[in-house]
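Computed from the coordinates by the stated procedures, all read-outs in this text should not be read as laboratory data. All of these numbers come straight from a predicted model, not from anything done at the bench. Methodologically, a virtual Cβ is constructed for each residue, glycine included, from the backbone with ideal geometry; neighbour enumeration extends over all protein chains shown.
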Amino acid sequence: MGYKIVLTCDRTMASCYHNNMFFGFSACLPQGVLPDWFYYPVFCPSGKADDRGGLVFANYGMRKIEAALLANGFKRDEVFVAHPEYLHKVVDEDTKILSVSANDPLGIGPATSTFTELWGGEGRMAVKLRELLAHPAVKKAAPVVFLGGPGSWQLAIHPEKRRELGIHCVVIGEGEVTAPKLFKQALENKESLPEVVDGEYAGEQDIHNMVGGSTCGIIEATRGCARSCAFCVPAVRKVRSRPLQNILDEVNVNVRLGKKGVILHGEDILLYKSNGLKVNSDAVVELFDKVSHSPGVKWVTASHASLSSAASSPKTVEKISRVLELGTEKHPTKAFQVGIETGSPRLIQKHMKGKAYPFKPEQWPDVVQDGFRIFHENHIVSCSTIILGLPGEEPEDVRQTIDLVQKLESYQSLIVPLLFTPMETTRLEYAQPFLKQHLTPLHYELLTACWDHNLDWFPALWKNYGRDNNIVIKSIVRFMLKYVRPPLRRRIHRNARKHGAEIAAWT
Ligand code: SF4
């Protein structure tokens with residue numbers, strides 16, 4: 001049976017990643033780096049589908065659009081969140097709209113670009129999106145195709161790709177207010193649709209509670225970020241904290257469907273109900289406390305936090321850790337994503353002054369070390385990023401970043417180096433991307449420092465983080481840690497020496 005409006009995503013997003021959200025980032029590896037027979041079962045097993053072909057736990061953004069449509073006059077039997085592997089069951093001549101949520105539709109986001117630039121190949125998400133839109137049921141039904149989600153900017157700046165893929169309308173930014181209006185317009189007169197639309201700001205009254213389950217139990221607590229880093233998309237959104245009761249109601253939706261864990265999402269969870277960039281400790285602790293004591297919830301973590309909030313309010317981190325019972329046999333550790341980006345106070349001052357607030361840019365290296373230490377002492381793993389090739393970067397900036405990475409060696413953490421990629425709608429959207437050919441010997445030194453750090457920490461992190469995985473996954477990872485880690489480290493060092501020497505010979 002076909003549905004009038006089908007919401008879906010590419011196959012890499014239709015998974016709960018063995019309940020390890022960080023496995024989801026493996027979709028940034030280019031197609032071919034890992035063969036499909038290995039990648040899908042190990043990193044991205046197919047998400048649970050119901051008997052109609054619906055995705056039981058779907059991408060949170062898609063759930064928000066579903067809720068917005070239902071709240072704006074669309075009927076339950078018209079709107080369907082589909083598993084991409086079951087499109088043949090739900091898309092037919094009755095389907096008028098196919099709306100696709102995409103994280104990285106052309107494989108040119110910062111993480112995927114870094115890997116494709118260094119290792120070659122095409123982003124897996126781009127390959128899977130192409131397959132989705134070429135599905136025989138989609139071709140036959142010929143619905144109006146919308147694309148939204150965090151990666152939609154890519155199709156706004158590449159109209160030729162948009163047309164090649166058969167996408168009629170791209171929505172950038174928030175969709176709760178805009179999608180219902182556009183869908184009505186598409187149903188009445190699809191010829192009148194604009195090709196690219198900036199989504200309207202969604203106020204508290206526009207953000208409706210999801211009615212179906214979300215991937216890995218993720219629930220939005222805050223939206224937007226006031227730190228305003230020049231390269232970042234959430235930086236351009238106004239900051240909102242959702243009411244606690246709405247969050248608890250959504251937790252309950254997931255629990256009823258069998259999801260016992262919660263990932264609280266926000267660009268800096270420590271700024272939940274904050275006064276500007278000042279941590280509101282009581283509100284944050286209450287959030288974690290109420291969510292973790294919700295009936296049926298077994299564990300709680302957060303997606304992102306900032307190092308400056310942690311450094312400015314270590315007591316808040318301690319209290320959260322106590323509420324979540326971290327450091328115990330039951331919950332040894334949890335992981336938050338944090339941004340280092342650079343060890344250079346000069347680049348912080350130039351591109352992301354707000355990142356250090358309430359500290360000064362010149363204090364940034366100390367803030368990073370403090371933040372890492374506070375998280376480490378409270379059993380929270382810092383999964384961090386740094387950016388190579390920020391506009392205006394000088395050798396001294398890279399040297400400072402190498403120094404900082406080396407000072408973080410004793411804190412349980414991962415440090416993922418990314419090549420700078422300008423993104424549409426950010427203040428650096430017209431800056432030049434940083435490519436493999438721009439890497440200097442110092443950058444190779446920095447890449448090596450990051451991978452040495454990660455390879456040192458992998459075994460200890462996996463011991464805690466991977467312990468609930470099934471025996472097959474555990475055996476594969478154990479094998480890789482024992483037999484792949486040492487040659488991988490040697491290869492990284494060899495590559496760095498080789499490229500460093502080649503570059504030195506040219507210059
Ligand atoms: S702190 Fe993070 S989320 Fe906020 S603007 Fe900077 S990079 Fe973006």
Notebook entry, point to check: Once the piece of chain linking Val33 and Val211 is laid out straight, how much longer is it, given 0.36 nm per residue of separation minus the C-alpha distance between them?
Noted result: 60.4 nm
Next item on the list: State the Cα centre-to-centre distance between the stretch 272-293 and the stretch 466-489 in whole Å.
Entry: 37 Å
Check: Per residue of the chain, what 222 nm ellipticity follows from adding -39500 (n - 2.57) for every DSSP H run with n ≥ 4, rounded to the nearest 500?
Finding: -12000 deg cm²/dmol
Notebook entry, point to check: Once Rh is set to the Kirkwood radius over Cα pairs, what Stokes-Einstein translational diffusion coefficient, in µm²/s, holds for the chain at a temperature of 25 °C and a viscosity of 0.890 mPa s?
Noted result: 104 µm²/s
Margin query: Quick check: net charge around Val6, other residues with Cβ under 12 Å of its Cβ, Lys/Arg +1 and Asp/Glu -1?
Written below: 0
Checklist line | 0 to 90° range, to nearest 10: angle between helix 364-377 axis and the chain longest Cα axis | finding: 80 degrees
Check: Mean separation of Cα pairs under 8 Å and 6+ residues apart, divided by the residue count of the chain: what relative contact order is that in percent?
Finding: 11 percent
Check: At what distance in angstrom do the alpha carbon centres of the stretch 304-371 and the stretch 6-47 lie from each other?
Finding: 29 Å
Notebook entry, point to check: Which links in Lys48/Lys181; Lys161/Lys259; Lys181/Lys273; Lys407/Lys463 stretch past 28 Å when you go from one Cα to the other?
Noted result: Lys48/Lys181; Lys161/Lys259; Lys181/Lys273
Notebook entry, point to check: Using a cut-off of 14 Å between alpha-carbon atoms, which aspartates and glutamates can reach Lys355, once sequence neighbours fewer than 8 places away in the same chain are excluded?
Noted result: Glu267, Asp268, Glu341, Asp366
Item checked: Protection proxy ranking, peptides 438-445, 247-254, average beta carbon neighbours within 10 Å, highest first -> 247-254, 438-445
Next item on the list: Enter the angle in degrees (range 0 to 90, nearest 10) between the Cα long axis of helix 124-133 and the first principal axis of the Cα atoms of the chain, meaning the one along which they spread out most.
Entry: 10 degrees
Check: Once the piece of chain linking Lys75 and Leu435 is laid out straight, how much longer is it, given 0.36 nm per residue of separation minus the C-alpha distance between them?
Finding: 124.8 nm
Note to self: For a protection proxy built on the mean count of beta-carbon atoms within 10 angstrom, sort 65-78, 170-183 highest first, please.
What the structure shows: 170-183, 65-78
Note to self: Given contacts defined as C-alpha pairs under 8 Å and at least six residues apart, what's the relative contact order of the stretch 221-438, whole-number percent?
What the structure shows: 20 percent
Item checked: Given charges at beta-carbon only (K, R positive; D, E negative), |dipole| of the stretch 221-438 in Debye -> 680 debye
Notebook entry, point to check: Using a simple spin-label model with points 7 Å from Cα along the Cα→Cβ vector, what separation in nm is obtained for Ala134 and Ile476?
Noted result: 2.6 nm
Item checked: Folded to 0 to 90 degrees: helix 281-292 orientation relative to the chain principal axis, Cα -> 60 degrees
Check: How large is the charge dipole for the chain, taken about the Cα centre, if only the Cβ atoms of Lys, Arg (+1) and Asp, Glu (-1) carry charge, to the nearest 20 debye?
Finding: 980 debye
Item checked: Dipole of the stretch 351-425, positive direction: furthest Cα of Leu390, Trp364, Ile374, with charges on the beta-carbon -> Ile374
Note to self: Strictly under 4.7 angstrom between C-beta atoms: which cysteines of the chain have no such partner?
What the structure shows: Cys9, Cys16, Cys28, Cys44, Cys169, Cys216, Cys225, Cys383, Cys450
Margin query: Among Met21, Gln412, Val262, which residue has its Cα furthest toward the positive end of the charge dipole of the chain, with +1 on Lys/Arg Cβ and -1 on Asp/Glu Cβ?
Written below: Gln412
Next item on the list: May I ask you to order 81-92, 465-476 by the average number of other C-beta atoms within 10 Å around their residues, highest value first?
Entry: 81-92, 465-476
Checklist line | Of all DSSP beta bridges in the chain, antiparallel share, percent nearest 5 | finding: 10 percent
